[in-house]
Amino acid sequence: MPSSPPTFAQPERAGTLTLNMGPQHPSTHGVLRLVLEIDGETIIRLRPEIGYLHTGIEKTCEAKFYQQVVPLTDRIDYLCPLTNNLTYCLAVEKLLGLEIPPKAQWMRVLMNELTRINSHLVWLGTHAMDLGAMTVFLYCFREREDILRFFEMVSGQRMMTSYFRIGGLALEPPLGFFEKVKKFADRFPGNVDEYEGLLTGNPIFLMRTKGVGQISAEDAIALGACGPTLRGSGIDIDLRRDAPYSGYENFEFKVPIRTEGDVFARYACRVQELRESIGIVQQALAGMPEGPVKADAPKVVLPDREKMKTQMEALIYHFKIITEGFSVPPGEVYQAVESPRGEMGYYVVSDGTAKPYRVHMRGPSYANLQTLGKMCEGHLIADVIAAVGSIDVVLGDIDR
Amino acid sequence: MPLSPPITDIEQLRSHPALARLLETVGAAVQGVKFDREELSILIEKGFVREACAILRDDSDCPFNYLSDLTCVDWYPSEPRFEVIYHLLSIPKKERVRLKVRLDGSSPVIESVTSVWPSANFYEREVFDLFGVRFTGHPNLKRLMMPDDWEGHPLRKDYPVEGYR
């Protein structure tokens, strides 16, 4: 975070102007500041300035017990809280060598895909609104509301869910939950048709997106792009398929790839992902196994409330976990997960105590943001808005 | 998946593409290896880090062409104090490897890998900002998260969680 208004120490050429876009600009999706060197309307150089939302979560994690870190992870990428929960839980479970029951794994996949749809809907609505299409925003937020209600049903919270815990889930899903999700999943492809009907063939939208913010595959890899930004440039990678976690190897889905590398390609990838995700939701609903939703590890997983009130051992374990935490064998783990924005990685180091020695979050938005300069240089100021929207940044994820 | 003890014997791990490649090109750079929880870590001699990264990126059989993550761990008060961690991914082969470099607490300086991966720019600035590790050859080594006039490096272990008041 720069303490004075940032400028370029040395302008690229004489007669240019330095313009600050943000940090309070509505199209920067948070508190992102872009320093632009412009010649008329043309961008000579673009530099992102970040850190306005830095809260020191990584430092806070080191002072908490392992299970107390889960609610902090919600607050990093606040559009996909469950993906953050999942990445952290998988990392700690890998450190512990803990086996997760099948129902918990399938529930995690189901919730994770709903989260992806939720996040893509926010992206689609705001991205379209930045480019002047107001209606799509209202439609997207209508469906997003349904998904937030599902989150509320399982966890009691609409956004900061903390539903996944180390060793499984917080609670069984309530009665009637699967029927409601099924109804939503049956209707949702029709909704996607509706969004596409408003945008995909819309000449104004096409003019704002086709050939804008282009990046080649080589540049995308070198600058560290991930997720739909990388797939939009023709790189075939999706961690759900290539390094399956949480039982993703049991699901069938396609990975949408586009080769143009422009804003429209990234749009097309994400919209196709919406359809694939709802397919995964359908498969998860159809094959949902029976059984417990928590691992059988009394020293790590909190007991059910009923057991705690009736059994002495359960009460003791509950007391021990809450007051002392649980120790994790020393070691280190890097767990990567395909979040809606790309590779989300948690690097967790344990020194054998009940608190993590180090937790590092590798945010996909942080990686994607570095490609922005390459996308915008030589283009117009108005194209910056389209490019920022197309890489789908979440500032909580960048600044942490 | 119950835990099995880590493997630290180089001979047993020779088949991993990254380790094999490094041993045949810059064998002197490899100080140690660890295979733990299905993940391979290679400890690299401090002076060789940029060279090792470039070799792994340009390997024709299994190019580790993507820098997933770059971070640091502070092992205060033991020495060498800092461990800079590089997570590499091979997009064509879907392989991962972790490189580690140990640095002294008195003068934590290391060569930048921005010439190998431009994406290292932000990561190295963040490590400089929060740990105080300096990267030589970095194009713009300034604070990233904290204000320019901030004192101290917050993620160091001797920096209090509540900050200095």
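The values are calculated or read from the model by the stated rules, or taken from the named source; none is laboratory data. Just so we're clear, the structure is a prediction, and the values are computed from it rather than from any experiment. For neighbour counting, all protein chains shown are included, and Cβ atoms are generated from backbone atoms with ideal geometry for every residue, glycine included.
Of the residues that sit in the range B:120-153 and are modelled with pLDDT under 90 and at the interface with chain A (Cβ under 8 Å from one of its Cβ atoms), which one is farthest from the chain's Cα centre (by Cα)?
Across the range B:120-153, the extreme among qualifying residues is B:ASP149.
It is to be established whether one or more residues within the range A:11-30 are assigned to a strand (DSSP E or B), surrounded by fewer than 17 Cβ atoms within 10 Å (Cβ to Cβ), of a type in the set (A, V, I, L, M) and modelled with pLDDT under 90.
Yes - at least one qualifying residue is present in the range A:11-30.
I'd like the residue in the range B:1-11 that is under 9 Å from B:PHE35 (Cβ atoms) and at pLDDT 80 or above and, out of all such residues, is farthest from the other protein chains (Cβ to nearest Cβ).
Taking the candidates together, the pick is B:ILE7.
Is one or more of the residues making up the range B:64-73 within 14 Å of another protein chain (Cβ to nearest Cβ), in a loop (DSSP other than H, G, I, E, B) and among the hydrophobic types (A, V, I, L, M, F, W, C)?
Yes: the range B:64-73 contains one or more residues that are within 14 Å of another protein chain (Cβ to nearest Cβ), in a loop (DSSP other than H, G, I, E, B) and among the hydrophobic types (A, V, I, L, M, F, W, C).
Of the numbered conditions (1) closer than 18 Å to A:ILE221 by Cα; (2) in contact (Cβ under 8 Å) with a residue 24 or more places away in the chain; (3) of a type in the set (D, E, K, R); (4) within 14 Å of chain A (Cβ to nearest Cβ), B:LYS34 fails exactly one; give the number of that condition.
The one condition B:LYS34 does not meet is (1).
I need the full set of residues from the range A:213-231 which are in contact (Cβ under 8 Å) with a residue 60 or more places away in the chain, crowded, with 22+ Cβ neighbours inside 10 Å and of a type outside the set (S, T, N, Q), in order please.
Answer for the range A:213-231, where residues must be in contact (Cβ under 8 Å) with a residue 60 or more places away in the chain, crowded, with 22+ Cβ neighbours inside 10 Å and of a type outside the set (S, T, N, Q): A:GLY213, A:ILE215, A:ALA220, A:LEU223, A:GLY224, A:ALA225, A:CYS226, A:GLY227, A:PRO228, A:LEU230.
Please verify whether the range A:140-147 includes one or more residues that are part of a helix (DSSP H, G or I), closer than 16 Å to A:CYS80 by Cα and among the β-branched types (Val, Ile, Thr).
Checked against the condition, which is being part of a helix (DSSP H, G or I), closer than 16 Å to A:CYS80 by Cα and among the β-branched types (Val, Ile, Thr), the range A:140-147 yields at least one hit.
In the range B:126-163, which residues are basic (Lys, Arg) and either part of a loop (DSSP other than H, G, I, E, B) or surrounded by 20 or more Cβ atoms within 10 Å (Cβ to Cβ) (or both)?
Scanning the range B:126-163 gives B:LYS142, B:ARG143, B:ARG156, B:LYS157.
Can you find a residue in the range B:10-21 that is touching a residue at least 60 places away in the same chain (Cβ under 8 Å) and farther than 29 Å from B:ARG134 by Cβ?
Yes, some residue in the range B:10-21 is touching a residue at least 60 places away in the same chain (Cβ under 8 Å) and farther than 29 Å from B:ARG134 by Cβ.
Name the residues in the range A:87-103 that are outside any helix (DSSP H, G or I) and either among the aliphatic types (A, V, I, L, M) or under 20 Å from A:PHE151 (Cα atoms) (or both), would you?
A:LEU98, A:ILE100
Would you call A:CYS89 modelled with pLDDT under 90 and more than 12 Å from chain B (Cβ to nearest Cβ)?
So A:CYS89 fails the test.
Touching a residue at least 40 places away in the same chain (Cβ under 8 Å), crowded, with 19+ Cβ neighbours inside 10 Å, more than 10 Å from chain A (Cβ to nearest Cβ) and touching a Gly at 6+ places or on another chain (Cβ under 7 Å), is that true of B:SER112?
yes
Which of the residues that make up the range A:233-273 are of a type in the set (Gly, Ala, Ser), in a loop (DSSP other than H, G, I, E, B) and over 17 Å from the mean Cα position of the chain (by Cα)?
If the condition is that a residue be of a type in the set (Gly, Ala, Ser), in a loop (DSSP other than H, G, I, E, B) and over 17 Å from the mean Cα position of the chain (by Cα), then A:SER233, A:GLY234, A:ALA243, A:GLY247, A:GLY261 are the ones that fit.
In the range A:42-86, what residues are of a type outside the set (D, E, K, R), modelled with pLDDT under 90 and assigned to a loop (DSSP other than H, G, I, E, B)?
A:ILE50, A:GLY51, A:TYR52, A:LEU53, A:HIS54, A:THR55, A:GLY56, A:ILE76, A:TYR78, A:LEU79, A:CYS80
Check the range B:37-58 and report whether any residue there is farther than 28 Å from B:GLY105 by Cα, in contact with a helix residue (DSSP H, G or I) (Cβ under 6 Å, 6 or more places away or on another chain), within 13 Å of chain A (Cβ to nearest Cβ) and surrounded by 23 or more Cβ atoms within 10 Å (Cβ to Cβ).
No, the range B:37-58 has no match at all.
Residues in the range A:170-182: is at least one on the phi < 0 side of the Ramachandran plot, surrounded by 14 or more Cβ atoms within 10 Å (Cβ to Cβ), away from every other protein chain (no Cβ under 14 Å) and of a type in the set (Val, Ile, Thr)?
Within the range A:170-182, one or more residues are on the phi < 0 side of the Ramachandran plot, surrounded by 14 or more Cβ atoms within 10 Å (Cβ to Cβ), away from every other protein chain (no Cβ under 14 Å) and of a type in the set (Val, Ile, Thr).
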